[in-house]
Amino acid sequence: MGRTQRNGEFNRWDRRTKKREEKNMVKQAAVAAQTIGEYIDIGKLHASPTNPRKRFYADTLDELATSIADKGVIEPLIVRLNYQNDGDDQRVPFEIVCGDRRYRASQLAKLEQVPCIIRDLTDDEVLDIQIHENLHREDVHPMDEAYGYQFLLDKLQCTVAEVAARVGKSEKFVLSRLKLNSLIPEAQEDLEKGHLLLTYALEIAKFSPDIQKIILDEAAYEQERHWESGKGNWHTPKKTERSPWPQFVQFINEKVLRLLSAAPFDLKATNLRKDGLACVSCPERTGANVGLFEEDQVDKKDSCLNPGCFNAKKQQHITNIRERIAHEASVKPKAIPLLVLDRGYSSDGDTSDVYLRTKLTIIGKKPYKDYYGEVSKEKCDKSITGVTISDGQLGSTYTVCLDDSGCKTHYGRKSSSSSSGTPAQSEKAVEAEQKKRRERKEELIDIKVCEVVRLRVLRLASEKFSSAFSVSGAPIDMVPMMIAKAWTENGGTDGTTKENVVKNILSQILSVKANTLSFGYEQKHVAAKVAEFSPTIQNHMLFLLTYGNSGAMYYDSYSSQARIKDMAEEYEIDYRLFDAEVRLAFAEEKHKKQVHLYKVYLDAVRAGDANAKIPRPYEPTYKPKD
């Protein structure tokens with residue numbers, strides 16, 4: 001039994017010795033053939049596990065396979081002995097150092113052998129060659145670089161600075177490429193297809209996946225607008241048209257980044273998140289990613305990269321203040337009112353504890369200079385401390401008296417929250433305030449009516465202008481270029497004019513929906529789109545872009561219609577008739593009790609009565625400031 005065992009050991013020793021001798025012979029032959037190409041069976045080759053290049057495109061491989069089938073493999077592959085194969089299986093003895101793509105294409109071309117140069121290389125030498133081969137190419141795809149640098153980080157267990165030194169790139173360059181690995185799949189796909197420029201992709205990659213999705217869908221491309229009955233309006237990205245870079249950056253600065261110095265809460269606070277992470281220690285800010293952002297985006301302009309977290313902290317900040325005030329007053333937090341002191345608030349949620357400025361009286365000083373809500377110096381036993389949720393003063397506290405408090409001091413019939421003195425003086429103040437409110441009601445009616453009349457006059461005037469205007473002897477593309485310049489450079493034309501006037505009136509003339517008219521933002525795109533229209537339509541656009549902002553109403557403020565009335569007179573348009581017709585239609589829809597007044601006014605205008613006056617049922621003495 002012992003002899004048999006020893007014989008077996010000798011036999012195994014003989015086999016190992018023989019295998020080593022065979023490997024040495026192959027190694028010697030490889031060293032001798034380092035500069036000589038020889039054909040090796042394709043089945044004896046395998047891809048290198050250390051190759052940084054991990055992506056191969058089927059279409060380009062097919063093209064290369066077709067070329068190889070026709071002309072063969074012109075440049076030999078560089079291979080080495082498979083030192084990692086220590087077992088008995090020597091069927092795949094060679095590892096591909098360079099030429100993985102040619103190897104794959106040769107398989108597709110059904111080649112049995114490929115030309116190779118066998119070299120004796122260490123692992124470090126192999127990696128250096130592969131880095132040079134795959135990461136130093138002029139046409140290397142950014143995502144290949146991203147994967148390659150990440151592979152080196154994982155393989156070598158080194159820092160970004162060490163990888164940068166090894167590949168001969170700056171640390172900032174390598175860091176920006178590494179961030180591409182965090183791109184959401186949709187962005188990577190768009191980058192590969194050429195829809196998304198690298199500069200846009202590098203910017204998007206700086207943010208978290210949910211923010212990347214928003215930027216990609218809403219900022220990277222021009223928007224294609226849709227409308228469907230029952231669903232309303234929505235838009236989708238038009239991936240054939242990229243947004244201009246300034247517009248793309250503006251979206252990020254205004255909609256995504258949150259300037260930390262303007263935060264209404266303490267940046268060192270640890271009670272605004274469940275995990276206690278303070279903003280000053282958070283990695284999701286420009287100041288913590290100095291290698292990715294420009295110098296003007298860090299330090300004093302340090303910004304939050306996660307608007308969702310930023311907004312959640314604002315809400316928690318309000319909650320903390322309410323709980324503190326409620327504790328001091330021995331009431332429930334829900335009893336502490338949330339105050340809206342500006343005009344830009346809207347909410348789809350529960351608003352039972354939200355009070356707009358029209359529903360409260362501030363006791364003390366005005367919250368800001370232009371505040372025109374009710375303010376009183378008189379104290380009362382119904383007052384309570386509230387917390388503002390308006391962005392400009394979020395978190396500020398004020399003592400207020402609410403309109404549903406039952407307070408006789410501020411909401412009695414013959415008292416004024418904005419005045420003090422004798423009862424007679426208080427009554428006069430109340431009458432003055434009521435008159436002011438009635439005048440405002442008439443002004444709001446004028447704003448709505450005059451805007452409709454203004455658009456009617458502009459349309460008719462543009463029709464008369466377009467039928468008579470021509471640019472004789474000028475190049476055919478001159479008008480589209482003029483329109484494109486006015487459209488993109490504003491020149492007195494703003495977004496409201498383009499959307500509410502130009503697109504609105506054009507949609508009526510062309511009998512299409514306004515949201516289907518898309519012109520883009522770059523001059524060349526706008527000019528190309530305008531050139532598709534007839535000269536008459538182009539003349540319409542030229543006129544409307546020139547005069548479309550005349551008499552426009554902004555921020556619910558009445559604007560003089562003098563220029564529109566002059567235009568109506570110039571183009572022989574009956575402005576008063578339009579005005580009377582629109583007022584009657586408006587009354588039939590909104591103010592049915594006054595319909596008879598507007599009917600009498602319309603009949604008088606139609607009859608040519610120059611002395612007919614616009615009905616003022618709410619404030620008879622009101623006159624628009626023309």
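Measuring only protein heavy atoms, the 1.4 Å probe finds Ser396 accessible over about 40 Å². The trypsin sites (Lys or Arg not before Pro) of region 162-246 meeting both criteria, a DSSP state outside H, G, I, E and B (loop) and at most 15 other C-beta atoms within 10 angstrom of the site's C-beta, are Lys231.
Accessible area of Asp381 (1.4 Å probe, protein heavy atoms only, ligands and nucleic acids ignored): about 140 Å².
Put a dot 7 Å past the Cα of Lys239, heading toward its Cβ, do the same for Lys441, and the two dots end up 5.6 nm apart.
Sorting Val280, Val73, Val600 by accessible area (1.4 Å probe), largest first, what list results?
Ranked from most to least accessible, the order is Val600, Val280, Val73.
Largest first, the residues Tyr618, Tyr521 sort by 1.4 Å accessible area into Tyr521, Tyr618.
Using every pair of distinct Cα positions in region 94-146, the Kirkwood expression returns a hydrodynamic radius of 12.7 angstrom.
For the pair region 194-266 / region 365-398, the C-alpha centres are spaced 36 Å from each other. Size descriptor for region 493-550, Kirkwood hydrodynamic radius: 11.5 Å (Cα pairs only, one decimal). Phe310 accessible area, nearest 10 Å², 1.4 Å probe? Here the accessible area works out near 20 Å². Across the protein chains, with a 1.4 Å probe defining accessible surface, the residues His327, His226, His235 rank His327, His235, His226 from largest area downward.
Cross-link pairs exceeding 31 Å in C-alpha to C-alpha distance, out of Lys464/Lys529; Lys314/Lys365; Lys314/Lys524; Lys169/Lys238; Lys54/Lys206, comprise Lys314/Lys524; Lys169/Lys238.
Checking every one of the GluC sites (Glu not before Pro) in region 554-626 against DSSP loop status and a limit of 10 other Cβ atoms within 10 Å picks out Glu572.
The values are calculated or read from the model by the stated rules, or taken from the named source; none is laboratory data. From a predicted model like this one, the values you see are computed outputs, not experimental measurements. Note: ideal-geometry Cβ built from the backbone for every residue, glycine included; neighbour counts use all protein chains shown. Accessible surface areas use protein heavy atoms only, side chains included; no ligands, DNA or RNA. Shrake-Rupley method; radii C 1.70, N 1.55, O 1.52, S 1.80 Å.
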